[in-house]
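What follows is a short report on a single structure.
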């Protein structure tokens, strides 16, 4: 099984749709191919984020009772003409209004949940890339404290030009960079340091990411923002307040 076959089957495997033979073949390939293993990790994280973040709606007993009563009323036998009362269609409007409200709530909740799930997936993916980069030999493709060396290195390797600046004066020296893959496309990763800790700053163009900071229970902090048509997401183990200082310093120094 090659990489193209594997990546076509990852989503199906994540949803449990592959037969045992195909599943075992895919798992064998993932154990020997870090790039495909990374795609599989992202697919699993996406599925988990969608499952955990999308809202679930449960009808209240009052709403359930109204809908049940309306359905029962719809199936009632017709009374004799002499005793027939003028038909009342108020329940139709009530049920229609309730259905419209439910539809709006579901649509609003889905949009909110989808945006939150995408944001969570990006953060999870960036943290996974950060952790992977800390392994020996994975942190930098180009090692240099000179921004005029790091920035040209990306030329021809990406379809955009990432801003590169050294923040040594602010206490966050530039130490290099590498190519990454984030949000479904190639991205730049600039590497800075704060004392003994690395800061990975992921940069990529695309749909705007909401500016925010988050503290993960796994010990990693993140800060994200958009600037000059690019998205930025910083990940590190340094305290959240220091990562916020880094983000502010980079935003102020970036062209």
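Only residues that are surrounded by fewer than 16 Cβ atoms within 10 Å (Cβ to Cβ), in contact with a strand residue (DSSP E or B) (Cβ under 8 Å, 6 or more places away or on another chain) and not in a loop (DSSP other than H, G, I, E, B) were counted in the range 143-164, giving 2.
Report whether or not residue 202 is modelled with pLDDT of 95 or more, at negative phi, in contact with a helix residue (DSSP H, G or I) (Cβ under 6 Å, 6 or more places away or on another chain) and part of a strand (DSSP E or B).
Values: modelled with pLDDT of 95 or more: yes; at negative phi: yes; in contact with a helix residue (DSSP H, G or I) (Cβ under 6 Å, 6 or more places away or on another chain): yes; part of a strand (DSSP E or B): yes.
For residue 202, the condition - modelled with pLDDT of 95 or more, at negative phi, in contact with a helix residue (DSSP H, G or I) (Cβ under 6 Å, 6 or more places away or on another chain) and part of a strand (DSSP E or B) - is met.
One residue stands out among those in the range 165-182 that are touching a strand residue (DSSP E or B) at 6+ places or on another chain (Cβ under 6 Å) and in a loop (DSSP other than H, G, I, E, B): the one that is surrounded by the fewest Cβ atoms within 10 Å (Cβ to Cβ), which is 173.
Here's a check for you: in the range 212-223, which residue that is touching a helix residue (DSSP H, G or I) at 6+ places or on another chain (Cβ under 9 Å) and either surrounded by fewer than 19 Cβ atoms within 10 Å (Cβ to Cβ) or at pLDDT below 90 (or both) is farthest from residue 251 (Cα to Cα)? Per the stated criteria, the residue is 218. If you take the residues in the range 238-255 that are assigned to a loop (DSSP other than H, G, I, E, B) and farther than 18 Å from residue 176 by Cα, which one is modelled with the lowest pLDDT? Across the range 238-255, the extreme among qualifying residues is 255.
Given the structure, is residue 46 at pLDDT below 80, outside the structural domain of residue 184 (by TED's automatic domain parsing), in a helix (DSSP H, G or I) and under 18 Å from residue 181 (Cβ atoms)? Break it down stepwise before answering.
Numbers: at pLDDT below 80: yes; outside the structural domain of residue 184 (by TED's automatic domain parsing): yes; in a helix (DSSP H, G or I): yes; under 18 Å from residue 181 (Cβ atoms): yes.
So residue 46 passes the test.
Does at least one position in the range 18-37 carry a residue that is under 30 Å from residue 181 (Cβ atoms), outside any helix (DSSP H, G or I) and at pLDDT 80 or above? Checked against the condition, which is being under 30 Å from residue 181 (Cβ atoms), outside any helix (DSSP H, G or I) and at pLDDT 80 or above, the range 18-37 yields at least one hit.
The values are calculated or read from the model by the stated rules, or taken from the named source; none is laboratory data. What you are looking at is a predicted structure, and each value in this text was computed from that prediction instead of being measured. With ideal geometry, Cβ positions are generated from the backbone for all residues, glycine too; neighbour counts draw on all protein chains shown.
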